[in-house]
Amino acid sequence: MNLMADLIPAGAEIFLLVMVCVILIVDLMLAESSKIYTYSLVMLTLLGCSLITVGTHTQGVAYAFHNMFVDDLMSDVLKLFSYIAVGTMLVYSRSYLTVRGLFTGEFMVLTLFALLGMNVMISANNFVTLYLGLELLSLSLYAMVALQRDSAVATEAAMKYFILGALASGLLLYGMSMLYGATGSLELGVISDAIKHGVPNKSLLVFGLVFIVSGLAFKLGVVPFHMWVPDVYHGAPTAMTMLIGSAPKLAAFAFTARILVEGLQPLVNDWSGMLIILAIASMALGNLSAIAQTNLKRMFAYSTISHMGFLLLGFIGGGVEGYGSAMFYAVIYVLMTLGGFGMIMLLSRAGFEADTLNDFKGLNQRSPWLAFMMLLLMFSMAGIPPTVGFYAKFSVLNAIVQTGHTWLAVLAVLFSLIGAFYYLRIVKLMYFDVPQSHEPINLAPDTGLLISVNGLSMLLLGTMPGMLMSVCAVSVQQSLLLH
Amino acid sequence: MNFLDIVFYVFAAITVFAAMGVITSRNPVNAALFLVLAFCSSAGIWMLLEAEFLAIVLVLVYVGAVMVLFLFVVMMLDINLVRLREGFWRWFPFGAGIAGLMVFEMIYVLGARQTSDTVHAVTHGADYSNTKELGRLLYTDYVYPFELAAVLLLVAMVAAIALTLRRRAGLKTQSISEQVQVQAADRVRIVKQMSAEGTDSATRK
């Protein structure tokens, strides 16, 4: 075994782990008032990880650690977007958390541990590593939700998240054990080959598949496994909600793609039927329930459910178009979510959460630029051209129409139209209503720049989506379909 | 059915019985003790599969350490049993119906076609060491998951400390640096005591 050949593809993960340990120790020495140094170290770590991920990129697919770890184009692209998402989340939440006394070293260390979990999930090629990555991510997130100890809502949210998450992990593990029993392996490629050559007990396979899809649905938060999403999104401090809603969705996409497409492609007829039910139910319930919400965080939670349903449509479409558009949708969804929650944090101040619809009334009079950015984000979430949300929805729909699921595309458009109502309601509140508070909005230069970049990227990517789309298509083709 | 099969079914039956006991017993202490029984009988099943090391670790770690700690916690907490059982019977038919349906479906899917002829436990000779094999695999093929499990434990430690450490005002804490720098003069104060006349109680025998 050549050790160096194993270590190089996993360079970013190893660097991340070493830096987490360094930050853990350095933070111990720092006073409460100088957490800015920890923050800078975290940012440097993210930068270093990005450089290493780009630097260790190789043509084709590289395996390491006895095929437990895979380094391919899809994993590199998704990892880079995860670093961006985590970095953006940290910039947005710095002042928000500082005034609430939550900007601690533990918060940043747990964020990096969650990122490590995501990286492991994205690069996993074996059920054991997939599961361990998922647990690493989830465990860090449970703790982060509970970090605000004096808040009863946050504690309740953490409890619900933890118990339902443990249940989902149990379902997933049970399904994995069934697949192991049927195929005799935990490695995705070997499982796929074994199923292709025929296994003696197909009912055992499909039985395991049901549990795996249920576990995945729990983690993605699609109906009927969505119950934790609104409570956790609402109860957690907004910075934690932003983390839960953004980068982990990229990891969840990779997780689903690796298990269902790379490992269980021969069972595509079995799982695409299950996904159709999940997708329709999520789009229906997510969009309809979001209308009734007055709390913006809860509304975003239901909107997440509907977006995840839309993402599953890409998996139903299949092929380069289907999986590529699902990946594109996941990336765009993350960018939109970052902007949406970022706006809530920008408008919040000490002792005040700007998380109800009323807080956005007349935002145009208070700050026209912020209102315009929010308008772009909302247009993108609703899927209105020329923002990128339109193109993301369009490419997914295109993929499923090509495979003959026209009725499914019609349903998806219908539910998206219903969904457009609650996004446009925010735009109406911002531009046509009278502000309820005249508190000045003090924008720090870093967050002001970031929200502008975030909002304008919706427009920019919307006018030229071709490059990102082709990156997604090529990476999906290289990583999932050429095996 | 040979002797090993009988032993397996005995252990399996005890495990299922104990697991039922965990979720049905009224007293949390009884539930915890049932869980201990379930662990012990599962260890027996692992022993039948020649996984001796895992069986012993299960008993040592779970029964010996985790469950004892758990029992302490259960005994220290003041759990209101009446409130816990509130609404149990109202939801019982609903839950039992769903559970029954799921069991029926699982038996229907797996039961009839699942033959025990296709799957056998692997058996080894007397010179086979389960511990050695596990150790070899853990540090070669599975070194990456093994490291990840270690990171998971680190996260658990960080999270536990982050969630429970409170810095309260007026807490009596040790100051290590002051303890190290302590001088003999700080510890012992020698007081010269004049012995008064007539109170020589120490010398009287």
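The values are calculated or read from the model by the stated rules, or taken from the named source; none is laboratory data. Every value quoted in this text rests on a predicted model; they were computed, and no experiment measured them. Neighbour counts run over all protein chains shown; Cβ positions are idealised from the backbone, glycine included. The area values use the complete protein model at the heavy-atom level, side chains included, leaving out ligands, DNA and RNA. Shrake-Rupley method; radii C 1.70, N 1.55, O 1.52, S 1.80 Å.
If you take the Cα centroid of the stretch A:429-454 and the Cα centroid of the stretch A:99-116, the two points sit 26 Å apart.
With labels modelled as points extended 7 Å from the Cα through the Cβ direction, what inter-label distance (nm, one decimal) is found for residue B:174 paired with residue B:57? Between residue B:174 and residue B:57, the label points sit 3.3 nm apart. Applying 1/(1 + (r/R0)^6) with r as the Cβ-Cβ distance of residue A:26 and residue B:132 and R0 = 56 angstrom yields a FRET efficiency of 0.85. Comparing B:51, B:31, B:169 in a Gaussian network model of chain B where C-alpha atoms under 10 Å apart are linked, the largest mean-square fluctuation is found at B:169.
Note the angle between two axes, namely the Cα long axis of helix A:388-402 and the longest principal axis of the Cα atoms of chain A, as a number of degrees from 0 to 90, rounded to the nearest 10. Tilt of helix A:388-402: around 30 degrees. Charge dipole (Cα centre; +1 on Lys/Arg Cβ, -1 on Asp/Glu Cβ; no other charges) of chain B amounts to roughly 1320 debye.
Considering only B:149, B:13, B:184, the mean-square fluctuation computed in a Gaussian network model of chain B, springs between alpha carbons under 10 angstrom, is largest for B:184.
For the stretch A:290-440, what does the convex hull of the Cα positions come to per residue, in cubic angstrom? Spell out each step's value before the answer.
Values: hull volume 14.5 nm³, N = 151.
It is 96 Å³ per residue.
Cross-link partners for residue A:361 among the aspartates and glutamates, with Cα-Cα distance under 12 Å and sequence neighbours closer than 8 places in the same chain left out: A:433. Over all Cα atoms in chain A, the spread is summed up by Rg and Dmax: 21.5, 70 Å. Each of A:477, A:354, A:234 was placed along the dipole of chain A (beta-carbon charges, centred on the mean Cα), and the one lying farthest toward the positive end is A:354. A simple spin-label model places pseudo-atoms 7 Å from Cα toward Cβ; at residue A:436 and residue B:139 they are separated by 6.4 nm. Seen against the Cα atoms of chain A and their longest principal axis, helix A:406-432 is set at about 20 degrees. Going by accessible surface with a 1.4 Å probe and the largest first, A:280, A:244 read A:280, A:244. At the residue level, residue A:150 shows approximately 140 square angstrom of accessible surface with a 1.4 angstrom probe and all protein chains present. Each Lys and Arg contributes +1 and each Asp and Glu -1, all at the Cβ; summed about the Cα centre of chain A, the dipole is approximately 840 debye.
Using a probe radius of 1.4 angstrom, the carbon and sulfur fraction of the accessible surface of chain B is 67%. Our estimate of slack between residue B:29 and residue B:65, defined as 0.36 nm per intervening residue step minus the Cα-Cα distance, is 11.4 nm. Computed from protein heavy atoms with a 1.4 Å probe, the total accessible area buried between B and A is close to 2600 Å². Surface listing: A:149, A:425, B:136 arranged by accessible area from highest to lowest gives B:136, A:149, A:425, probe 1.4 Å. Straight-line cross-link partners of residue A:249 among the lysines, defined as a Cα under 24 Å from its Cα and at least 8 positions apart when in the same chain: A:79, A:160, A:219, A:297, A:393.
Evaluate E = 1/(1 + (r/R0)^6) for residue A:98 and residue B:89, where r is the Cβ-Cβ distance and R0 equals 51 Å; express this FRET efficiency to the nearest 0.05.
Using R0 = 51 Å, I get an efficiency of 0.55.
In the complete set of protein chains, residue-level accessible area for residue A:66 is approximately 90 Å², probe 1.4 angstrom. Calculated FRET efficiency, residue B:12 to residue A:270, Cβ-Cβ distance, R0 = 41 Å: about 0.85 to the nearest 0.05.
Axis angle, to the nearest 10 degrees, between helix B:143-164 and the longest C-alpha principal axis of chain B: 50 degrees.
Heavy-atom accessible area, probed at 1.4 angstrom with all protein chains present, ranks A:228, A:369, B:89 as B:89, A:369, A:228, highest first. If one computes the Cα centroid of the stretch B:50-76 and of the stretch A:38-78, what distance in Å separates the two points? Rounded to whole Å, the Cα centres lie 39 Å apart.
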